[in-house]
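Beneath this line is the structure, given in structure tokens, with notes to follow.
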Amino acid sequence: MVPRSLKGCSLLTLEELSSAEIEYLIDRALDLKRLKRERVFAHNLRDRNICLVFLKPSTRTRAAFFVAASDEGASVEFFEEKDLRFGIKESVKDIARVLGRMFDGIAFRGFDHGVVEELAKYAGVPVWNALSDDHHPTQVLADMMTLKEEFGTVSGLRLAYVGDGRNNMGRSLMIASCKMGLDLRIVAPKPLQPATESVLQYLNCRAHPGGNVNVTDDVAAGVSGCDAVYGDIWLSMGEEHLVAERIPMLRHYKIDSEVLKKTNRSGSIFLHCLPSLHNHETLFAREHPDAIDTSEDLFEGQNSHVFDQAENRMHIIKALMVATI
Ligand code: CP
Ligand code: NVA
């Protein structure tokens with residue numbers, strides 16, 4: 001049974017979901033994944049219309065919403081910046097009310113987190129944050145699902161997030177850890193560590209007694225004892241111009257097999273939200289070879305679960321849309 005509280009609910013940060021609702025979504029997504037393997041589709045969103053509004057590029061998230069909606073029988077329309085001109089040609093409030101009159105749910109990817117909040121306030125239908133500068137909740141739901149698949153549980157696991165600790169991934173992982181009982185270490189150089197007040201804010205309202213967040217700039221200490229080491233690209237979308245200052249900060253935070261060994265756990269795994277710079281096959285990596293965030297051998301090795309995470313985006317987004325519409 002879908003918890004009644006999820007019906008009509010928007011997902012902006014993960015703070016709006018209880019631990020039980022997150023558990024429900026993970027279990028439902030695992031069911032939907034199994035059913036898709038068996039080519040069984042319930043078409044729970046038949047005759048529904050889903051709107052995707054993406055002001056930043058996307059591979060995984062856009063594909064995940066599109067395929068999940070199609071599998072469930074919904075139709076999908078995609079808008080980019082030039083179509084809607086948020087806040088330039090028309091106010092967010094007016095666009096929200098127009099889209100809400102026509103669509104049953106809206107996935108939105110943008111910059112300032114306040115825009116997705118305003119969209120959700122006025123749309124009158126569920127709005128799912130497909131990434132803002134501050135939060136990336138559907139990614140972290142997929143990550144929790146991947147951990148449960150691999151370890152059978154989420155609570156009690158230790159996870160180290162290595163890289164830019166102040167960004168959307170760091171923040172969403174902190175919230176999820178406090179809800180789900182993960183012991184999270186944010187491993188980042190001092191200038192890229194989350195503000196103490198925001199860590200305390202999440203810890204003070206932690207819903208699970210096992211949830212914890214520690215922040216360190218020491219890679220070996222941070223990953224020690226961890227079940228999983230998690231990476232992100234060093235320059236988030238919109239930050240590419242900061243490359244010259246960011247690389248020296250993160251030079252010692254590249255994740256490789258030696259870092260995974262420092263967990264001292266034989267079954268520890270590597271996770272990454274992607275995209276990742278792990279070789280020189282992309283233009284950005286050729287232009288900035290020092291921005292490689294992950295070694296190629298770790299990325300391609302057997303401890304890497306990055307494509308499970310990517311696939312799970314689709315299953316968890318499907319569970320989210322079905323539960324909230
Ligand atoms: N991880 C993630 O959100 O990927 P995209 O930017 O490709 O959607
Ligand atoms: N921090 C990254 C996450 C990409 C999925 C970004 O915002 O670009």
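For the reader, a short list of remarks on this structure follows.
- Residues being within 20 Å of F307 (Cα to Cα) and within 22 Å of the chain's Cα centre (by Cα) - total across the range 37-60: 4
- Screening A63 with (1) more than 16 Å from ligand 2 (Cβ to nearest atom); (2) under 20 Å from Q309 (Cα atoms) gives one miss only, at (1).
- Boolean, A74 is within 17 Å of the chain's Cα centre (by Cα), modelled with pLDDT of 95 or more and not polar (S, T, N, Q): no
- The residue of the range 274-302 that is surrounded by the most Cβ atoms within 10 Å (Cβ to Cβ), among those that are under 20 Å from the mean Cα position of the chain (by Cα) and at negative phi, is T294.
- Test for P189: is it touching an Asp or Glu at 6+ places or on another chain (Cβ under 8 Å), at pLDDT 95 or above and surrounded by 15 or more Cβ atoms within 10 Å (Cβ to Cβ): yes
- Considering the range 8-32, and only residues there that are assigned to a loop (DSSP other than H, G, I, E, B) and in contact with a strand residue (DSSP E or B) (Cβ under 8 Å, 6 or more places away or on another chain), the residue that is surrounded by the most Cβ atoms within 10 Å (Cβ to Cβ) turns out to be L17.
- Conditions (1) modelled with pLDDT of 95 or more; (2) more than 16 Å from ligand 2 (Cβ to nearest atom); (3) more than 21 Å from E239 (Cβ to Cβ); number of the one not met by K82: (1)
- Filter pass, E80 being more than 23 Å from L14 (Cβ to Cβ) and within 16 Å of ligand 1 (Cβ to nearest atom): yes
- When every residue of the range 281-291 is checked against the conditions, none turns out to be among the charged types (D, E, K, R), within 22 Å of A130 (Cβ to Cβ) and touching a Lys or Arg at 6+ places or on another chain (Cβ under 8 Å).
- Output for the range 130-168, where each listed residue is among the charged types (D, E, K, R) and assigned to a helix (DSSP H, G or I): D143, K148, E149, E150
- In the range 110-130, of all residues being surrounded by fewer than 20 Cβ atoms within 10 Å (Cβ to Cβ) and farther than 15 Å from E90 by Cβ, the one that is nearest to ligand 2 (Cβ to nearest atom) corresponds to F111.
- Near pairs, Cβ below 6 angstrom, 6+ apart or cross-chain, from the range 123-147 (closer than 17 Å to C9 by Cβ) to any residue that is within 13 Å of ligand 2 (Cβ to nearest atom) and small (G, A, S): H135/S172; P137/S172; V140/S172
The values are calculated or read from the model by the stated rules, or taken from the named source; none is laboratory data. If you're wondering where the values come from, they're calculated on a predicted model, not measured in any experiment. For neighbour counting, all protein chains shown are included, and Cβ atoms are generated from backbone atoms with ideal geometry for every residue, glycine included.
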